[in-house]
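Below is one structure, written out as structure tokens; the observations come after it.
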Amino acid sequence: MSQENVEIVRAFFEAWNAGDMDALREMQDADVIQRPPKGWPEPGPFVGRDASMRQFEQLRDTWDSDTARPISAFIDVADHVVVRYLWHGLGEGPESKIELTALSTVRKGKLIYLEYFWDHAEALEAVGLLE
């Protein structure tokens with residue numbers, strides 16, 4: 001099951017990079033919870049698919065183009081997948097390059113919880129891989 005979860009999270013990155021917001025919506029459970037990293041301008045949490053998608057669409061609309069590229073292995077732990085990635089946005093303002101770690105929880109083939117961390121070790125600790 002965990003390899004299937006990794007593939008779902010990998011597909012989420014692929015859909016984001018392809019600009020396929022319909023696919024992102026479909027991958028999320030109706031009751032998904034999205035929690036941005038500490039200090040993010042919109043503090044969240046964003047509860048429900050519509051709120052999660054509004055946050056993703058706002059982020060997407062901020063830049064002329066952007067990508068989210070995994071820069072670590074996908075780590076599967078039970079129903080969680082952890083991956084470090086580089087988000088790169090280009091637009092009229094300054095170029096943005098942000099490193100984050102995504103902790104995604106998958107149940108019954110849908111993303112039910114998305115949490116983002118600045119500190120990779122903090123994400124690993126959240127799934128019990130560090131003490």
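The numbers here are math on the coordinates, done by the rules we state, and not lab data. The model shown is predicted, which means the values in this text are computed figures rather than measured ones. Cβ sites come from the backbone with ideal geometry, for glycine too, and all protein chains shown count toward neighbours.
Just a few scattered comments:
- Top-ranked residue of the range 51-70 - restricted to ones that are small (Gly, Ala, Ser) and buried (at least 16 other Cβ atoms within 10 Å of the Cβ), ranked as nearest to Gly19 (Cα to Cα): Ala68
- Residues of the range 15-28 that are surrounded by 13 or more Cβ atoms within 10 Å (Cβ to Cβ), charged (D, E, K, R) and in a helix (DSSP H, G or I): Arg25 alone.
- Residues in the range 98-127 that are in contact with a His (Cβ under 9 Å, 6 or more places away or on another chain) and in a loop (DSSP other than H, G, I, E, B): Val127 alone.
- The range 29-50, residues that are among the aliphatic types (A, V, I, L, M) and either in a loop (DSSP other than H, G, I, E, B) or exposed (fewer than 14 other Cβ atoms within 10 Å of the Cβ) (or both): Ala30, Val47
- Checked against (1) closer than 23 Å to Leu129 by Cα; (2) under 11 Å from the mean Cα position of the chain (by Cα); (3) of a type in the set (A, V, I, L, M); (4) assigned to a strand (DSSP E or B), Val9 passes all but a single condition, namely (4).
- In the condition set (1) over 12 Å from the mean Cα position of the chain (by Cα); (2) within 20 Å of Gly19 (Cβ to Cβ), Val127 is compliant with all but (2).
- Selection status of Ala73, of a type outside the set (D, E, K, R) and exposed (fewer than 14 other Cβ atoms within 10 Å of the Cβ): yes
- Count of the range 57-97 residues, restricted to those that are outside any loop (DSSP other than H, G, I, E, B) and either over 27 Å from Ser2 (Cβ atoms) or in contact (Cβ under 8 Å) with a residue 40 or more places away in the chain (or both), is 25.
- The residues of the range 99-123 that are in contact with a Leu (Cβ under 7 Å, 6 or more places away or on another chain), of a type outside the set (Phe, Trp, Tyr) and surrounded by fewer than 18 Cβ atoms within 10 Å (Cβ to Cβ), listed by number, are Glu99, Ala121.
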